[in-house]
Amino acid sequence: MSKLAETAPSASLTRKIYLAAPRGFCAGVDRAIEIVERALQVYGTPLYVNHEIVHNSHVVNQLTERGVVFVNQ
């Protein structure tokens, strides 16, 4: 038998995954989203924002659909 086969974990090995609760964005991301949403209410569209404010495509797409334009320059 090869060493790889000898040291491979057995099929009966169980692993646990722990999910932190509550889950969500950090305070900085929450604040950035809140600021952009407030600016949309006050200034309307189009609203130009320097770079995407979060690394979450769902949030970015939702803001884009609401009239936010992310500028990368």
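The values are calculated or read from the model by the stated rules, or taken from the named source; none is laboratory data. Small disclaimer: the values here were computed from a predicted structure and weren't measured. All Cβ positions, glycine included, derive from the backbone under ideal geometry; neighbour counts span all protein chains shown.
Give the stretch 57-72 a look and list any residue that's in a loop (DSSP other than H, G, I, E, B), of a type outside the set (Gly, Ala, Ser) and modelled with pLDDT of 95 or more, or say none. First the steps, then the outcome.
At the first step, the residues of the stretch 57-72 found to be in a loop (DSSP other than H, G, I, E, B) are 66-67, 72.
This time we only want the ones that are of a type outside the set (Gly, Ala, Ser), so: 66, 72.
Listed by number, the list holds a single entry, Arg66.
Restricting attention to the stretch 10-33, the residues that are among the small types (Gly, Ala, Ser) and within 30 Å of Val54 (Cα to Cα) add up to 6.
Residues that are among the basic types (Lys, Arg) and part of a helix (DSSP H, G or I) within the stretch 18-50 comprise Arg31, Arg38, listed in sequence order. Count of the stretch 40-73 residues, restricted to those that are β-branched (Val, Ile, Thr) and in contact with an Asp or Glu (Cβ under 8 Å, 6 or more places away or on another chain), is 1. Number of residues in the stretch 37-69 that are more than 18 Å from Phe25 (Cα to Cα) and either touching a helix residue (DSSP H, G or I) at 6+ places or on another chain (Cβ under 7 Å) or in contact (Cβ under 8 Å) with a residue 60 or more places away in the chain (or both): the value is 5.
With the structure loaded, tell me whether Tyr18 is among the aromatic types (Phe, Trp, Tyr) and modelled with pLDDT under 95 or whether it fails that test. For Tyr18, the condition - among the aromatic types (Phe, Trp, Tyr) and modelled with pLDDT under 95 - is met.
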